Each structure stands twice: as structure tokens, then as C-alpha cells.
Amino acid sequence: MTFFDDPILPQTPKMQELSDIIKRSHETGQDYQAIKHLIDQSSLTLGEKMALICELDKKFTD
């Protein structure tokens, strides 16, 4: 179970938007860096950023 599968933890609209971007991205180094930059520059909490980075890493390593 990931952070995104847990119904107890609500997603903010910005977090959902970034998660959707990750899901639609192509597995290239350029996409990885661009999305990571968007996550780093967002106003999300550190925990939310970490969850998104984990999702991003999982997508690009599978």
C-alpha cells in the first residue's frame, strides 16, 4: 500500500495534480528532472513532497 492508496490520508488538489503528471510522464531523464523540480518548488508539506518523490522514483525505476 502506498501513500496514495490510503483513503485516510486526503490528497490536496496540488498533490493530486502532480501525481497525475507523474502517471502521464514518459520515462526519460528529462521528464524526471522536470517533475522533481516541480515537486521541489511546490508549496506542499515535506511529507507530501517525499510521497511524490517516492512515486516518481518508483515510476522511473520499474
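Tabulate in residue order the Karplus-calculated ³J(HN,Hα) for the stretch 27-40, using 6.51 cos²θ - 1.76 cosθ + 1.60 with θ = phi - 60°, rounded to whole Hz; enter x for Gly and Pro.
So the J values, rounded to whole Hz, are 7, 10, x, 5, 4, 4, 5, 5, 5, 4, 4, 4, 5, 4.
Using a 1.4 Å probe on the protein heavy atoms only, what accessible surface does Glu48 show? Give it in Å² to the nearest 10.
Surface accessible to solvent at Glu48 totals approximately 30 Å².
Testing the spin-label approximation: label points 7 Å from Cα along Cα→Cβ at Lys58 and Gln16. State their distance in nm.
1.9 nm
Can you tell me the FRET efficiency between Lys23 and Ser43 if r is taken as the Cβ-Cβ distance and R0 is 35 Å, rounded to the nearest 0.05?
About 0.95, to the nearest 0.05.
The values are calculated or read from the model by the stated rules, or taken from the named source; none is laboratory data. Owing to the predicted nature of the structure, the values given are computational and were not obtained by experimental measurement. Cβ: placed from backbone, ideal geometry, glycine included. Neighbour counts: every protein chain shown. Areas reflect the complete protein model, heavy atoms only, side chains present, ligands, DNA and RNA absent. Shrake-Rupley method; radii C 1.70, N 1.55, O 1.52, S 1.80 Å.
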